[in-house]
Amino acid sequence: MTITDIPIFLAQTMEYQELSDAETAGLIGAIVAALLALMVPLLILSAIYIISMWKIFSKAGQPEWAAIVPFYNIIVQLNVQGRPTWWIVWYLVPFVNYVSGPVMFIITGLDLAKRFGKSGGFAAGLILLNPIFLLILAFGGAQYQGAPTASALPAPPAPPADPPAAPPAEGA
């Protein structure tokens, strides 16, 4: 007997058993319950992310509705963090995003904490317990300290005064 004969041998020795209607219904119910057990936590985490990003975008002066628009929310998040928009490429290129994804997650946690004036410990919380710390950032007292606006910049120095006029010539 070779390794290629094993599936044939197993198929000949196993008996085929048809399920009754009650057993089929039970199996379908178990599959649906397993899918719900997986989907409910994902929906809760998605809702937490959308709600917290909505509030964070609002604090940063960005459009709140961007939190629910795929891909555009990444662009707005990069703008809030002070990163160039082309960085979205790191999220979209297949296979590259598997390597850059965890790195980008750490960088975005650090940048988000810095832009809201939080410490490195808070950044570690954003990285390790993201949903909880996003809610703290969104609904806490943190204020966005991103790029300064034109009114917040110091006034330019006054131009130098005209040099004093030369004294009149004596012979004139």
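Every number here is computed from the coordinates shown, using simple stated rules; none is lab data. Just so you know, these numbers come straight off a predicted model, no measurement behind them. Note that each Cβ is placed from the backbone with ideal geometry, even for glycine, and that neighbours are counted across all protein chains shown.
Data for the structure
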| read-out | value |
| --- | --- |
| ³J(HN,Hα) computed for each position of segment 113-127 - Karplus, 6.51 cos²θ - 1.76 cosθ + 1.60, integer Hz, glycine/proline x | 5, 5, 5, 9, x, 9, 7, x, x, 5, 4, 5, x, 5, 7 |
| Sites matching GluC sites (Glu not before Pro) across segment 6-80 that sit in DSSP coil, with at most 13 neighbouring C-beta atoms within 10 Å | E15, E18 |
| Estimated distance in nm for a label pair at I51 and L92, the labels positioned 7 Å out from Cα along Cα-to-Cβ | 3.1 nm |
| Chain lengthening between L135 and I3 when straightened (0.36 nm per residue, less Cα-Cα) | 41.9 nm |
| Sparsely packed chymotrypsin sites (Phe, Trp or Tyr not before Pro) within segment 9-57, loop by DSSP, other Cβ within 10 Å at most 13 | Y16 |
| Net +/- balance of residues flanking G141 in space, Cβ distance below 12 Å, scoring K and R +1, D and E -1 | +2 |
